[in-house]
Amino acid sequence: MNVLELKDHESLPMFAVSPELAERIRKYNLEQNIEDMQTLGFTVVKDVAQDEFIAGLRSAIVRCCQEDKGQYFGITKKGISSDLLLARDPLIAEATLNPKILTMIEFMCGRGAQISQVSGSVRFAGANAMPLHCDQSWLPAPFPEHNALMTACWYCDDTTDEASGATKVVPGSHRERRHPNPEEVKAEAGARPLVAPRGSVGMWDGRLWHANYPRAREGERVLLHATYCRLAYRPLEDYGLELPL
């Protein structure tokens, strides 16, 4: 780890850590995860919560999606989604504040990072794939040296292969610091499944090219999508009001 002292008026270079953050990284055994983020642009954090918590979180996501009957992007009648979930269930709020995840968020988005968006999705057998994209899609290229945001997806079901509708990632694409062009979106060169067993949290740089695979397997793939942004950026959802948890 590149450990540097941080003064009150300074910002650390990308992928540098303060002594205090380095201590937490070691405490939670996240050394490999931060290396993954630098080299690959994504990682999978395991042993984040007990199985009982994951089961409760899954139920909360499904309930919210069913109540809202939201339409998930890229899926026609084969998936539902719901946004603005932070205040909908205490387990959802607890997931966004998990200390291991927040350690990774500080590493990628700096001190004072904000929750930008919290949504859930349920994909069924036959769900189509999303196209290749970057999550920080509103930024023009070239992207800044520091990423704008980071996504943390809580996998409430095993998504370990293409048939399960796994997230599709292009390793190292975060270093391009731009959006994929139409030819690259079509070719998906170098793409591979992000192997994420139930109860793990997949995390990726806002600059990473990613999508997902069509779901060919029966049953559901339930995810909580929590996106965090740097303090300098405006969150996608407004959490300035008191949340009635």
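The values are calculated or read from the model by the stated rules, or taken from the named source; none is laboratory data. Keep in mind it's a predicted model, so treat the numbers as computed, not measured. Here Cβ is always computed from backbone atoms with ideal geometry, including for glycine, and neighbour counts include all displayed protein chains. Only protein heavy atoms, including side chains, enter the accessible area calculation; ligands, DNA and RNA are left aside. Shrake-Rupley method; radii C 1.70, N 1.55, O 1.52, S 1.80 Å.
At 24 angstrom or more along the helix axis (alpha-carbon based) and mean Kyte-Doolittle of -1.0 or higher, what helices does the chain contain? Whole DSSP H runs only. Passing helices, by number: 51-68. Ranked by the mean number of other Cβ atoms within 10 Å of their residues, highest first, the peptides 112-119, 28-35 come out as 112-119, 28-35.
Net length available on complete extension from residue 15 to residue 1 is 4.2 nm, with 0.36 nm assigned per residue and the Cα-Cα distance removed.
Here the calculated FRET efficiency for residue 160 and residue 111, from their Cβ-Cβ distance with R0 = 41 Å, stands at 0.75, rounded to the nearest 0.05.
Solvent-accessible surface of the stretch 159-201, taken per residue with a 1.4 Å probe and all protein chains present: 47 Å². With the simple model of a label 7 Å out from the Cα in the direction of the Cβ, residue 195 to residue 133 spans 2.8 nm. Per residue of the chain, the DSSP helices (runs of n ≥ 4 H) give a summed -39500 (n - 2.57) that works out to -7000 deg cm²/dmol at 222 nm.
Net charge in the neighbourhood of residue 94 (other residues with Cβ under 13 Å of its Cβ; Lys, Arg +1, Asp, Glu -1) is 0.
Across q = 0.11, 0.14, 0.16, 0.23 Å⁻¹, the stretch 159-245 modelled as identical point scatterers on its alpha-carbon atoms has Debye log10 I(q)/I(0) values of -0.42, -0.65, -0.80, -1.18, in the order of the q list. If you wrap the Cα atoms of the stretch 116-216 in a convex hull and average its projected area over all directions, you get 6.4 nm².
Both radii were evaluated on the Cα set of the chain; the Rg over Rh quotient, with Rh as the Kirkwood radius, amounts to 0.95. Ordered from highest to lowest accessible area with the whole protein assembly present and a 1.4 Å probe, 40, 86 read as 40, 86.
When every Cα-Cα distance of the stretch 23-110 is counted in 5 angstrom steps from zero, the calculated P(r) takes the values 3, 12, 18, 16, 17, 18, 11, 4, 1, 0 percent. For the set 39, 159, solvent exposure ranked by accessible area (probe 1.4 Å, protein chains only) runs largest to smallest as 39, 159.
Relative to the 2.2 N^0.38 Å rule of thumb, the stretch 11-62 has a C-alpha radius of gyration ratio of 1.48.
Residues of the stretch 145-165 with backbone nitrogen within less than 15 Å of a virtual label 7 Å along the Cα-to-Cβ line of residue 188, please, listed as ranges. Answer for this model: 160-165.
Here the Karplus relation 6.51 cos²θ - 1.76 cosθ + 1.60, evaluated at θ = phi - 60°, turns the backbone of the stretch 111-119 into coupling constants of 5, x, 4, 10, 6, 9, 7, 10, 9 Hz, with x for every Gly and Pro. Under a 5 Å amide H cut-off, with hydrogens placed 1.01 Å from N, residue 135 pairs with 208 among residues at least 5 apart or on other chains. All distinct Cα pairs of the stretch 165-209 go into the 1/r average, and the inverse of that average, the Kirkwood radius, is 11.5 Å.
Apolar share of the accessible surface for the chain: 52 percent from carbon plus sulfur atoms, 1.4 Å probe.
Solvent-accessible surface of protein heavy atoms, probed at 1.4 angstrom with all chains present, puts 24, 215, 198, 175 in the order 175, 198, 24, 215, largest first.
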